[in-house]
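Scroll down for the structure; my scribbles are underneath it.
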Amino acid sequence: MNKEADLEKGQVALFQQEGYDLVGAAIEVYNQMGHGFLEEVYQECLEIELAMRGVPFEAQPSLGLDYKKRTLKRTYRPDLVVFGGIVVELKAVKSLTPIETAQLINYLRATKKRVGYLINFGNPAKLEWQRFVL
């Protein structure tokens with residue numbers, strides 16, 4: 001195997017089981033609550049579900065941002081950071097668009113975190129989620 005293949009394999013495995021645990025908790029929230037609530041309701045439900053499953057998380061932590069090696073006064077507050085390294089953005093919209101994707105990718109780059117999940121509770125047919133690895 002070459003270095004690029006090794007890197008890709010490592011990126012795929014990065015927080016893989018932890019991601020399954022996160023998505024499993026989100027699916028349970030969706031199954032219990034359905035769609036149609038505000039994002040804040042899903043956030044609170046997901047926090048309860050994660051705690052019940054023993055999944056470590058921080059709700060809306062303040063993460064520093066840098067610009068040209070200078071720390072900005074403005075911070076970023078993701079909805080959740082799970083397992084100390086997965087940035088989670090929650091949405092309650094009919095369907096995800098490239099705008100939500102770009103937002104999460106920018107947050108990952110700005111905070112130097114490698115793994116992010118975009119989870120949408122607003123789709124009437126099913127829970128939507130996307131995993132990103134930088």
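Any residue in the stretch 1-24 that's modelled with pLDDT of 95 or more: show its pairings with residues that are part of a helix (DSSP H, G or I) at Cβ separation under 8 Å, as long as the two are six or more apart or on different chains.
Partner pairs satisfying both residue conditions: Leu22/Leu50.
Let's see how each residue does on (1) surrounded by fewer than 13 Cβ atoms within 10 Å (Cβ to Cβ); (2) in contact with a Pro (Cβ under 8 Å, 6 or more places away or on another chain); (3) at pLDDT below 95:
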site: Leu46; (1), (2), (3): no, no, no
site: Ala51; (1), (2), (3): yes, no, no
site: Ala59; (1), (2), (3): no, no, no
site: Gly64; (1), (2), (3): no, no, yes
site: Thr71; (1), (2), (3): yes, no, yes
site: Gly84; (1), (2), (3): yes, yes, yes
site: Ala92; (1), (2), (3): no, no, no
site: Ser95; (1), (2), (3): yes, no, yes
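Between a first residue in the stretch 61-89 that is in contact (Cβ under 8 Å) with a residue 24 or more places away in the chain and closer than 19 Å to Cys45 by Cβ and a second residue that is assigned to a loop (DSSP other than H, G, I, E, B) and of a type in the set (A, V, I, L, M, F, W, C), which pairs have beta carbons less than 6 Å apart while being 6 or more apart in sequence or on different chains?
Listed by first residue and then by second, the contacts come to Ile86/Phe15.
The values are calculated or read from the model by the stated rules, or taken from the named source; none is laboratory data. For clarity, every value in this text was computed on a predicted model and none was experimentally measured. Cβ coordinates were reconstructed from backbone atoms using ideal geometry, including for glycine residues, and neighbour counts include every protein chain displayed.
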